[in-house]
Structure formats: structure tokens, C-alpha cells
Amino acid sequence: MPAKRVEIRASGELRKVMALHFEEIRQAAEEGKGKVAWCTSVGPAELLQALGFRVYFPENHGAILGTSRASADLIPVANAAGYSPEICSYLTSDIGGYLKGATPLKRLYGFKGIPRPDVLVYNTNQCRDVQDWFSFYQREFNVPLVGVSTPHPVPALEERHIKGVESQMEALVEPLEKVAGTRLDPGELRRALALSRECTDLWNEVLRTGAAVPSPLTFFDECIHMGPAVVMRGRQEAVDYYKLLLAEMKERLKDRVAAVEGESLRLYWDGMPVWGRLRDLSEQFAALRACVVVSTYCNSWIFDELDPSRPFHSMARAYTKLFINRTEQVKQEYIRRLVRDFRAHGIIFHDSKTCPNNANSRYGMPQRLSKEGIPTLVINGDLCDLRFYSDAQVRTSIEAFTEQLAER
Ligand code: SF4
């Protein structure tokens, strides 16, 4: 009998917060009620919030395209325009959607099309693809493109890494002020940072509840509920949302409510989600009484370095310290620590074909961790491009892996 999945009550509020986010952007882009800045998912969102921009995240749009499985029709359109099938499938889904005039934002939030940017702001801390992605739109819309080039990969975080990033962030202010038509108010920047820090701390606390046995939430829940931490950080609404979600998770802890009924296995997910298979995977793990309790991906929006008293310095630290921007050794230690803290029985590495940046199985890490006694499984797939994903193969591998773990 399939295991019961317990719905999260806060989901209704989540939908409202996300609807507000998109409505503000729609009004700015389509009714002239403000300026729109496009930002990469770990770009300097706080600075943009402080300057009064409505901040739109194309990667979030990529995830929506993946989840709604629209990517299948859109990626080939970008491929035909010269964007390789082997580069980021958020990028190819998004650009394909633009070229075809297709976006679920029309149906979901009443947009006429993707929101026209007034400025494009990137940070290469995650990959180079984001810069090329935004360059496409710079040519299409003829708007300013500004950004930060972060040293990569960073071992231990040192001042020499931070200084350069900090001054690049400071250099963004002048061009952004020109587009915003206003001067940066240092008080507003401190306020945005304080809210972002509070949001990230609450999100961290939500994720940490997954360390309890049984876990009150799964990685698949987190992939949905991380929305405000990504797109609304720096806003009071995100803080309020995570207070609500955290209270619900604490209630579950008190009542020992398991996200996966009869939880008997606990797993770590490394790499990108497979957006078009979130539900299928969630159901398969639940049926196997296995709970994915922790992930690299959802932890990527914990910015514990943000400090309103040193805005630029702390943003530089927070956005350089990111897991994705670190050396193999730092990453391995990080994963090992989370496996221990969350009492995971094994790790599933998702080797996403079009995001080598966030696939950590390519340089021997699963083998090294296995030798240390942590069982690992590598599955091939992709974030949006399901041509690289075999349902049958993944299903069988997960079944065999969980059987092996159960025997141990
Ligand atoms: S990190 Fe990966 S998924 Fe994210 S934008 Fe870069 S290539 Fe795409």
C-alpha cells in the first residue's frame, strides 16, 4: 500500500506570497508601476530590493518550465538558435520560451509574456552560463547588463577573495541608480539585508527540522517551499512566511508527524532537483519508506554571513562562500558533515547532464565517500531536459539502492 504523504498547511500561504511576487513584477513590467531588475538566483538581490526594483529571477522561471514540463517543446527552439543541448537547460528552456512567446506565467499569473527587464544583474558565483544567458537578453532588449565575476573555485574563504567581489558590488551602485532613477539609501540597504538575514535564518531552521527522526519534511517539500527564500529575500513577506512554516514544522516535531509515514531510511540528495519528476520521485521514496531529509540544493539559500552593519562586505562574503563556488575538498567535507548531522543512511548523487556546476559525482566523490562507509548512488538525469532522464533506470537504481541500505 502506498505510504500517505502529509500535506503542509502553509502551502496556501506560499501560493499567496508567490502570487504577490509575480503580481508586483507584472504591474511594474506591464503597467509601468516600477522598474524590473532581472537577477541570478544568488545575485545581489538585497541591493536591488533597496533600490526599489521588482526583482525577477529567470532561474525560477526555468524551474517553473521544468516542473510544468514545458521545457520539452522549448529547449529545441533554443538549440536551433545556437544554444547547445548540453548547456544549462534552465537557460535553453527560458530562451526557447522567449523565442516561442511561451511562458506558464501567462496562465498562472496573468502575464502577457515574460516581464521586460530594465536592467540585468548577474553573479558568476554559480556558473558562467548565467552571464551568457543574460547577455542574450541584453541584446534582445537593449538594456544595461551589469554583474560580478566571482573567483572560482574558492578553498578557505580569505580576505583577498572578498575584497575584489566587494568592490565589484560597490561598483554596481552607480549604474543601478541610473536605471532606478534614485540614489541608494544606506538605511534601505541595511533594512533589506536585515530582512534577508532573518529570512535565511528562518529557512535554515526549517531545513534543520529535517534532522529529527522522523523528519517532518522531505527534500521534495523543500524544493517547493524554498520559493520565497529565493525570490523574496529582503522582503518582510518572506520572513512572515517562514515564521509560519517553521511553526508548523515545530508542531510536527512535537507530535512526531513524519513526512514519510513509517520512515525507515534517510537519504541525502546531492545536485539539482529533477523538476519534471519531483512528484514521481517523492512518491517512489515514500512508497519505499525512505525520506530524503537533506540536500545540497536547498541549503544553497542559507546566507549566514549577511550582516546589515557591513552590507557590501557581508554580501561579498555570503555570495562567495556558496557551496557551488567551493573546491571539491570543501564540498566533500560539507556533505560529510550534513550526512552525519541529519543521520542519513546514504547519498543519492544526481548527475544532471546540463549542470556540471552542481553535479558533484564527476571527480570521484561518491567513490571516496563510499570508502569512508557512506553508501552512494549516482543517477543520471537533468534539471529540465528529460531526454537525459530514464524513468525505468532511475526507478530500478533507487529500488536496488534502498534494498541494499535496508539490508545493512
Ligand atoms: S548553476 Fe547550473 S542550473 Fe544554475 S544556472 Fe548555472 S548551469 Fe544552470
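Residue count for the range 55-76 satisfying the condition of being more than 14 Å from the ligand (Cβ to nearest atom) and either without any contact (Cβ under 8 Å) to a residue 12 or more places away in the chain or crowded, with 23+ Cβ neighbours inside 10 Å (or both): 3.
Each residue in the range 77-86 was checked for being free of Cβ contacts under 8 Å to residues at least 60 places away in the same chain and loosely packed, with under 15 Cβ neighbours inside 10 Å, and 4 pass. The residues of the range 26-51 that are in contact with a helix residue (DSSP H, G or I) (Cβ under 6 Å, 6 or more places away or on another chain) and on the phi > 0 side of the Ramachandran plot amount to a single one, Gly34. Looking across Gly96, Gly43, Gly66, one residue alone is under 20 Å from the mean Cα position of the chain (by Cα), in a helix (DSSP H, G or I) and modelled with pLDDT of 95 or more. It is Gly66. Does the range 160-180 contain at least one residue that is at positive phi and either in the same structural domain as Leu65 (by TED's automatic domain parsing) or in contact with a helix residue (DSSP H, G or I) (Cβ under 8 Å, 6 or more places away or on another chain) (or both)? No. Name every residue in the range 106-160 that is closer than 14 Å to His61 by Cβ and either surrounded by 15 or more Cβ atoms within 10 Å (Cβ to Cβ) or among the β-branched types (Val, Ile, Thr) (or both), in order of residue number. Hits for the range 106-160 are Tyr109, Phe111, Ile114, Pro115, Arg116, Pro117, Leu120, Val130, Trp133, Phe134, Phe136, Tyr137.
The values are calculated or read from the model by the stated rules, or taken from the named source; none is laboratory data. Because the structure is predicted, anything quoted here is derived from the model rather than measured. Cβ sites come from the backbone with ideal geometry, for glycine too, and all protein chains shown count toward neighbours.
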